[in-house]
Amino acid sequence: EDNFQLDDTASGHEELSRRLSMFFEKYPSATLCSAVESTGGYERNWHSFLLKKQQEFNLKAARINPLGVCHDNKANMTRNLTDKISARNIAEYLIRHPGKVRYGQEDPNASLKKLWCHIRMLKKQYNEHHNELEALLYSANPEILSYCRNGLPNWVLKLLSKYPTPAILGRAKFKTVASIPFISEKRATELIKQAKVSVAASEDPMDEFLIRSTTNQLIHLDESVKLYEERLKAECSWPEVDLMMTIGGIGRMTAIVMMLYIEDIRRFSSAKKLASFLGVHPEYKLSGDGIKAGSFKMSKKGQKAPRTQLYMCVLSALSLKNRNQVIRRIFDEKKAQGMCAKAAIGVCIHKYVRIVYGVLSTGKSFDPAIDEKNRAKEISPKKAPGIGKNRRFQGYDENAPISRRQKKKRMEQTVSQDSQAVECGICGLAPMLRQ
């Protein structure tokens with residue numbers, strides 16, 4: 001069939017419906033496979049339309065990952081890229097990889113995910129305005145910054161909305177200032193006294209306007225975030241959320257975000273697949289001479305939102321030793337082994353994912369004793385060094401064209417395991433290997 005383009009409008013949808021009718025009149029016994037790439041929500045109208053048409057025609061609709069199509073296109077060595085070529089690439093991907101395509105499945109949490117994305121956007125705006133306000137206060141009202149070392153308290157925002165500059169605050173009465181919630185008379189007197197001897201370099205009226213408006217925006221954003229979070233919590237009162245909250249360090253919002261993307265734990269046959277879905281599995285490259293610096297790293301090729309939440313959970317678990325002893329012990333063990341803090345946090349994130357999988361798959365609350373028992377099962381005795389049968393079928397050949405590093409590794413693999421070699425040979429071999 002010749003390619004064609006349609007707009008995402010009512011007339012465009014009617015035209016596609018007409019073309020589908022013509023196709024199935026011509027080929028009544030055919031099955032038509034259709035797919036759209038996931039493009040951040042811009043594909044939802046067409047995907048919803050195709051899902052509805054599944055009831056009318058012998059049609060299968062799917063939403064696919066553009067990364068897979070991109071790599072399939074590279075393997076095909078296609079150099080040019082047009083809309084026509086892109087459509088053909090999607091069709092070829094459906095034919096070549098039918099096992100990786102899930103037809104007829106609609107995201108049940110799409111609307112809740114939109115609400116969560118909106119909350120994240122509001123929090124990002126709050127942080128941006130917070131940074132702007134700090135920069136303004138440093139030159140226009142520096143004394144107030146001493147109360148903002150651990151964040152921006154609500155009483156500071158309400159104080160700045162009424163008295164944005166030291167000149168205005170210095171003329172205020174302490175009883176009026178003390179009427180603001182969480183400001184005692186003692187603190188009100190102290191604030192007015194500091195304002196009268198302020199070292200503020202800027203007394204521009206524009207600073208007064210900017211501080212007042214930025215403060216009001218921060219108050220409004222904070223109220224909006226709380227409102228939306230309460231709505232999200234009300235919509236996501238699932239038993240799985242309460243189950244995940246038994247894990248130390250995981251709060252309600254983190255549990256909700258995890259369930260929004262996991263949907264159903266039965267989608268994943270193992271904890272490794274869940275870790276891969278969230279992008280916290282290790283990605284490594286072992287080829288040639290051996291391991292290079294930076295070969296092992298977190299993949300991050302997965303859902304970003306739950307991964308970000310789990311990162312904050314690890315920081316929360318590490319801030320208080322009694323928050324989660326399992327995570328704290330793993331972090332200390334990896335640090336003692338010489339691993340940097342960021343890499344150790346990545347290991348802890350992966351551990352959180354395994355705990356979440358175990359809790360959701362069994363339906364039981366988190367028990368550190370059970371986790372310790374499972375860890376003991378996983379520890380197996382080290383295998384004796386030798387040539388891996390799954391890769392090398394050849395003994396050590398000193399005439400092989402290999403590098404010095406590879407020669408050293410092969411010599412280590414061919415060390416004899418009899419008692420005489422263990423007692424005498426290895427000790428004599430070690431200095432030679434170091435040379």
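Examine segment 141-158 for a residue that is in contact with an Asp or Glu (Cβ under 6 Å, 6 or more places away or on another chain) and either at pLDDT 90 or above or open to solvent by 80 Å² or more (accessible area, probe 1.4 Å) (or both), and state whether such a residue exists. If you could, list the steps in order and put the result at the bottom.
Within segment 141-158, the subset in contact with an Asp or Glu (Cβ under 6 Å, 6 or more places away or on another chain) is none.
Checked against the condition, which is being in contact with an Asp or Glu (Cβ under 6 Å, 6 or more places away or on another chain) and either at pLDDT 90 or above or open to solvent by 80 Å² or more (accessible area, probe 1.4 Å) (or both), segment 141-158 yields no hits at all.
For segment 92-140, which positions are among the hydrophobic types (A, V, I, L, M, F, W, C), more than 19 Å from Tyr228 (Cα to Cα) and out of contact with any Ser or Thr (no Cβ under 9 Å at 6 or more places or on another chain)? Reasoning before the result, please.
The initial filter retains those residues of segment 92-140 that are among the hydrophobic types (A, V, I, L, M, F, W, C), namely 94-95, 101, 110, 112, 115-117, 119, 121-122, 133, 135-137, 140.
From what is left, the residues that are more than 19 Å from Tyr228 (Cα to Cα) are 94-95, 101, 133, 135-137, 140.
Listed by number, the residues that qualify are Ile95, Val101, Ala135, Leu137.
Pairs meeting the criteria (first residue in segment 174-195 and part of a loop (DSSP other than H, G, I, E, B), second residue open to solvent by 80 Å² or more (accessible area, probe 1.4 Å) and not small (Gly, Ala, Ser), beta carbons under 9 Å, at least 6 apart or on different chains) are Ile180/Lys158; Ile180/Lys162; Pro181/Lys158; Phe182/Lys158; Ile183/Lys158. Here Leu227 clears all of (1) under 30 Å from Tyr352 (Cα atoms); (2) of a type in the set (A, V, I, L, M); (3) touching a helix residue (DSSP H, G or I) at 6+ places or on another chain (Cβ under 7 Å) except the condition numbered (3). Picking from residues in segment 105-126 that are at pLDDT 90 or above and open to solvent by 90 Å² or more (accessible area, probe 1.4 Å), the one that is farthest from Gln309 (Cα to Cα) is Lys114. When you check Leu260 against the structure, is it more than 24 Å from Pro153 (Cα to Cα), out of contact with any Cys (no Cβ under 8 Å at 6 or more places or on another chain), surrounded by 15 or more Cβ atoms within 10 Å (Cβ to Cβ) and modelled with pLDDT of 90 or more, yes or no? Considered against the rule, which asks whether it is more than 24 Å from Pro153 (Cα to Cα), out of contact with any Cys (no Cβ under 8 Å at 6 or more places or on another chain), surrounded by 15 or more Cβ atoms within 10 Å (Cβ to Cβ) and modelled with pLDDT of 90 or more, Leu260 comes out as no.
Ser213 meets each of the listed conditions (1) in contact (Cβ under 8 Å) with a residue 12 or more places away in the chain; (2) in a helix (DSSP H, G or I); (3) of a type in the set (Ser, Thr, Tyr) apart from (1).
Residues of segment 296-311 being part of a helix (DSSP H, G or I), among the hydroxyl-bearing types (Ser, Thr, Tyr) and either touching a helix residue (DSSP H, G or I) at 6+ places or on another chain (Cβ under 8 Å) or in contact (Cβ under 8 Å) with a residue 60 or more places away in the chain (or both), which ones?
The initial filter retains those residues of segment 296-311 that are part of a helix (DSSP H, G or I), namely 304-311.
From what's left, among the hydroxyl-bearing types (Ser, Thr, Tyr): 308, 311.
Residue satisfying the conditions is Tyr311 alone.
Kindly check whether there is at least one residue in segment 88-104 that is in a helix (DSSP H, G or I), touching an Asp or Glu at 6+ places or on another chain (Cβ under 7 Å), open to solvent by 90 Å² or more (accessible area, probe 1.4 Å) and not polar (S, T, N, Q). Yes, there is a match, as at least one residue in segment 88-104 is in a helix (DSSP H, G or I), touching an Asp or Glu at 6+ places or on another chain (Cβ under 7 Å), open to solvent by 90 Å² or more (accessible area, probe 1.4 Å) and not polar (S, T, N, Q).
Identify all residues within segment 78-87 that are among the β-branched types (Val, Ile, Thr) and part of a helix (DSSP H, G or I); write none if there are none.
Initial filter on segment 78-87 (among the β-branched types (Val, Ile, Thr)): 78, 82, 85.
Once the filter is applied, which keeps residues that are among the β-branched types (Val, Ile, Thr) and part of a helix (DSSP H, G or I), segment 78-87 yields only Ile85.
The residue that is surrounded by the fewest Cβ atoms within 10 Å (Cβ to Cβ), among those in segment 26-69 that are within 16 Å of Ala91 (Cβ to Cβ) and small (Gly, Ala, Ser), is Ala30.
Checking each residue in segment 312-331 for being open to solvent by 70 Å² or more (accessible area, probe 1.4 Å) and either assigned to a helix (DSSP H, G or I) or within 12 Å of Lys351 (Cα to Cα) (or both) picks out Met312, Ser319, Gln325, Arg329.
The values are calculated or read from the model by the stated rules, or taken from the named source; none is laboratory data. Just so it is clear, the structure is predicted and the values come from calculations on it, not from any experiment. All Cβ positions, glycine included, derive from the backbone under ideal geometry; neighbour counts span all protein chains shown. Note: areas computed on protein heavy atoms with side chains; ligands, DNA, RNA excluded. Shrake-Rupley method; radii C 1.70, N 1.55, O 1.52, S 1.80 Å.
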